[in-house]
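The values are calculated or read from the model by the stated rules, or taken from the named source; none is laboratory data. Just so it is clear, the structure is predicted and the values come from calculations on it, not from any experiment. Note that we place each Cβ from the backbone using ideal geometry, even for glycine, and neighbour counts take in every protein chain shown.
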Amino acid sequence: MTMPPSRRLEFSEVPVVDIGPLVKGGPTHARDTVAALAKACNEVGFIQVINHGVPRDALERLIDEAARFFAQPLEERLKVAIENSPQFRGYLPLKYKGEIDEGDNLQEAFIIFHERPLSDTCPMYGPNQWPQGMPGFKRAMLDYFVVVEQLARAMLPGFAAALELSHDFFAPLFNDSMMMLKLNHYPAQDAPEHVKEIGVVGHSDSGAFTILWQDDVGGLEILNKSGEWVVVPPIRGAYVINLGNIMQIWTNGRFSSTPHRVINRYGRDRYSIPLFVNPNYETVVKPLFGDAPADFTPFISGDYQRSVYRRIYPQRPSLALNATPAGQ
Ligand code: OGA
Ligand code: NI
């Protein structure tokens, strides 16, 4: 796959956007919000949003439960290891590695998606794994999934309006969305010795966009045109929303999927909770307007995501073999 090129962006901070009008009244009643969103997507690819409508109590319950989960003995966490799930659900241990060695991610995580019946055409469909004896953890994660998904769906007409598309343009591409909810835990790291020994190495997100809650520790950094890593400061009560590769492709490079990384150099454990908003499995991804790069080939969203997960997340060798799609 060739991506439409990223314009190299010159920014020094992440804009804060009040999305209250968009969430409450839709784009027709949110002209200023849509204009600010369009500008931020063009110029930075990252925004911090306030007045997003996600209730604080659902988030706080999940933060507590996440800390309890990561405090379980490793042996317990490994009972739901992602390497046993062909659909990439469950626990991701520290320094995980998939097919490629990207460096040591000093991040552990827990991943769920919506549950759908196993399917040959959509091989990412399937069941979640849940830790035994932690019903509050499961409930908190599923409850939060509902409210953060509402925010994701409220953003879709905002992005459409920002691109001068009809406001309901994106909705059908997400009605069976492959969105992934992930809990991240980054142990404190005194002195990273080397660029590959950090929380998460520099990357861009693969999907359409990401809605990220980060705690007040700090550590998220994004790359600008001059090659500087610009910090995304924690703002209490705000969410970070950033664009992913699929949005960059859809917009033929107008919106940017900006590279970012995490280094937790602040002496305390850091937690974050991204919702990766991915289209339906079978969505064919290609630029929505303008001429695609000559060597661009349209691709199936779910197959692309799955190839990304296989590169970065571990799979038991027998699963990895079964998981190889025909022809690859
Ligand atoms: C990610 C990511 C940032 C963070 O999981 O893709 O970039 O702050 N996370 O945890
Ligand atoms: Ni990311």
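Here is a yes/no grid of residues against (1) in contact with a Phe, Trp or Tyr (Cβ under 8 Å, 6 or more places away or on another chain); (2) within 12 Å of ligand 2 (Cβ to nearest atom); (3) aliphatic (A, V, I, L, M):
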position: Gly237; (1), (2), (3): no, no, no
position: Asn242; (1), (2), (3): yes, yes, no
position: Ser257; (1), (2), (3): no, yes, no
position: Asn264; (1), (2), (3): yes, no, no
position: Arg270; (1), (2), (3): yes, no, no
position: Pro279; (1), (2), (3): yes, no, no
position: Val285; (1), (2), (3): yes, no, yes
Based on this model, can you work out whether Ser301 counts as in contact (Cβ under 8 Å) with a residue 40 or more places away in the chain, buried (at least 22 other Cβ atoms within 10 Å of the Cβ), touching a Lys or Arg at 6+ places or on another chain (Cβ under 7 Å) and not aromatic (Phe, Trp, Tyr)? no
Limited to region 256-280, what total is found for residues that are in contact with a Pro (Cβ under 9 Å, 6 or more places away or on another chain) and crowded, with 22+ Cβ neighbours inside 10 Å? 3
Whichever residue in region 155-170 is in contact with a helix residue (DSSP H, G or I) (Cβ under 6 Å, 6 or more places away or on another chain) and surrounded by fewer than 19 Cβ atoms within 10 Å (Cβ to Cβ) and, among such residues, is farthest from Val34 (Cα to Cα): Phe169
Wholly within region 128-236, strands (runs of 3 or more DSSP E) carrying at least 2 residues that are away from ligand 1 (no atom under 16 Å from the Cβ), within 24 Å of Asp104 (Cα to Cα) and touching a residue at least 60 places away in the same chain (Cβ under 8 Å): none
Taking Ile249 as the residue in question, decide whether it is within 15 Å of the chain's Cα centre (by Cα) and either at pLDDT 95 or above or surrounded by fewer than 21 Cβ atoms within 10 Å (Cβ to Cβ) (or both). no
Could you list, ordered by first residue, the pairs with Cβ atoms under 7 Å in which the first is in region 259-281 and more than 18 Å from Glu221 (Cβ to Cβ) and within 8 Å of ligand 1 (Cβ to nearest atom) and the second is at pLDDT 95 or above and in a loop (DSSP other than H, G, I, E, B), at least 6 apart or interchain? Phe276/Met179; Phe276/Asp205; Phe276/Gly207
Matching residues in region 187-216 (surrounded by 16 or more Cβ atoms within 10 Å (Cβ to Cβ), away from ligand 2 (no atom under 11 Å from the Cβ) and at pLDDT below 95) number 3
Tell me, please, whether a residue that is part of a loop (DSSP other than H, G, I, E, B), free of Cβ contacts under 8 Å to residues at least 60 places away in the same chain and within 16 Å of ligand 1 (Cβ to nearest atom) can be found in region 289-298. no
Which condition number does Ile249 fail, the rest of (1) closer than 23 Å to Leu173 by Cβ; (2) more than 16 Å from ligand 2 (Cβ to nearest atom); (3) assigned to a loop (DSSP other than H, G, I, E, B) being met? (3)
Residues of region 217-228 being closer than 20 Å to Ile47 by Cβ and modelled with pLDDT under 85, in sequence order, are Lys225
